[in-house]
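Novice: Before I ask anything, let me first share the structure, which is written out below as structure tokens.
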Amino acid sequence: MHTGEYAEWTRRFERERERRADRGDPDWTRGATLHPAVWASVGRFQVGEDGDGADLVAKADGAGDADYARAVRLFVAEEQNHARLLALLLAAGGRPTLTGHWSDTVFVRLRRLMGLRMELLVLMIAEVVALRYYRALRDGARDALTSDVAARILADEERHVPFHCERLHASLAELPRPTRRPVLALWRLLLLGACAVVVADHGRALRRLGVGRLRFAADVMASSGAVVAGVLAPRPGAGTRTDPSRNR
């Protein structure tokens, strides 16, 4: 993308922020009832959503596109809102939030290893896994408040994936053409490893949500093919939305 072409993404994030403010929060007074394994899983995902995004914002500022930097700030604000919603969901069920989790620590350190391209590639691993997880939570929780919260987060994640695909398309275009597919093949291999960690750590919860470990992993890897296609596909115009997240 050329400078200024992220203005449309900025407007989308801003419209969503206004829509979210008009809609208001779920009715937390309903309370929530989930199996202990699902509560534990939600708690770990809440830690993963929580963060100030300072490193990503700094790298976006260094990319030289004010519209992109603004859109990244709005993206980070949505992720922080996810952490807030999950924390309030936990509170509605009488559950505390966690102070940290080893998997989140490893993930954050990996993201910060190199520049913006590496940050986004690692971030996209979490986003693709999150798409399947929040869909499972929305459809399998059998709790109205939990399903409401998961649906709100999932709707945001379905916009985040094409947003990052746009930037990764531009970033990978800077590499020699023969290296682009190998980079994305390595990304899918890392995604598979991350998925293995998730299904090991959240397997009991996934079963309670009606999704087996193998099914979860297979769905994640299937959706990753669409992400790769979305990153490599030619862009017909500025701000055009490539949406590989609709694998539902």
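Each value in this text was obtained by applying a stated rule to the coordinates, not by laboratory testing. This structure is a prediction, so every number in the text was calculated from the model and none was measured. In this analysis, Cβ positions are derived from the backbone assuming ideal geometry, glycine residues included, and neighbour counts consider all displayed protein chains.
Novice: Looking at ARG11, ARG30, which is the one that is in contact with a helix residue (DSSP H, G or I) (Cβ under 7 Å, 6 or more places away or on another chain) and among the basic types (Lys, Arg)? Walk me through it before giving the result.
Specialist: Values: ARG11 fails: in contact with a helix residue (DSSP H, G or I) (Cβ under 7 Å, 6 or more places away or on another chain).
Result of the check over ARG11, ARG30: ARG30.
Novice: Any chance you could count how many residues in region 123-150 are in a loop (DSSP other than H, G, I, E, B) and surrounded by fewer than 22 Cβ atoms within 10 Å (Cβ to Cβ)? Before the answer, list the steps.
Specialist: The first filter runs over region 123-150 and keeps only residues in a loop (DSSP other than H, G, I, E, B), leaving 141-143.
Keeping just the survivors that are surrounded by fewer than 22 Cβ atoms within 10 Å (Cβ to Cβ) gives 142-143.
The total comes to 2.
Novice: Given the structure, is ARG180 of a type in the set (Lys, Arg), under 11 Å from the mean Cα position of the chain (by Cα) and part of a helix (DSSP H, G or I)?
Specialist: Details: of a type in the set (Lys, Arg): yes; under 11 Å from the mean Cα position of the chain (by Cα): no; part of a helix (DSSP H, G or I): yes.
Considered against the rule, which asks whether it is of a type in the set (Lys, Arg), under 11 Å from the mean Cα position of the chain (by Cα) and part of a helix (DSSP H, G or I), ARG180 comes out as no.
Novice: List the number of the failed condition for VAL211; all other conditions in (1) surrounded by fewer than 19 Cβ atoms within 10 Å (Cβ to Cβ); (2) not in a helix (DSSP H, G or I) hold.
Specialist: (1)
Novice: Within region 154-172, can one find any residue that is within 18 Å of ALA87 (Cβ to Cβ), among the polar types (S, T, N, Q) and part of a helix (DSSP H, G or I)?
Specialist: To start, the set of residues in region 154-172 that are within 18 Å of ALA87 (Cβ to Cβ) comprises 154, 156-157.
When the remaining residues are screened for being among the polar types (S, T, N, Q), the result is none.
No: zero hits.
Novice: If ARG204 meets every condition in (1) touching a residue at least 40 places away in the same chain (Cβ under 8 Å); (2) crowded, with 18+ Cβ neighbours inside 10 Å; (3) closer than 15 Å to VAL42 by Cα apart from one, which number is that one?
Specialist: (2)
Novice: Continuing with this model, one more query. For region 40-78, enumerate the residues that are charged (D, E, K, R), in contact (Cβ under 8 Å) with a residue 24 or more places away in the chain and either in contact with a strand residue (DSSP E or B) (Cβ under 8 Å, 6 or more places away or on another chain) or over 22 Å from LEU206 (Cβ atoms) (or both). Walk me through it before giving the result.
Specialist: Here is the first cut: in region 40-78, the residues charged (D, E, K, R) are 44, 49-50, 52, 55, 59, 61, 65, 67, 70, 73, 78.
Remaining after also requiring in contact (Cβ under 8 Å) with a residue 24 or more places away in the chain: 44, 49-50, 52, 55, 59, 65, 67, 70, 78.
Those that are charged (D, E, K, R), in contact (Cβ under 8 Å) with a residue 24 or more places away in the chain and either in contact with a strand residue (DSSP E or B) (Cβ under 8 Å, 6 or more places away or on another chain) or over 22 Å from LEU206 (Cβ atoms) (or both): ASP52, ASP55, LYS59, ASP65, ASP67, ARG70, GLU78.
Novice: In region 31-57, how many residues are surrounded by 13 or more Cβ atoms within 10 Å (Cβ to Cβ) and in a helix (DSSP H, G or I)? Write out each step before concluding.
Specialist: Step one: filter region 31-57 for residues surrounded by 13 or more Cβ atoms within 10 Å (Cβ to Cβ), giving 31-35, 37-51, 53, 55-57.
From the residues that got through so far, the ones that are in a helix (DSSP H, G or I) too are 37-49, 55-57.
Total meeting the criteria: 16.
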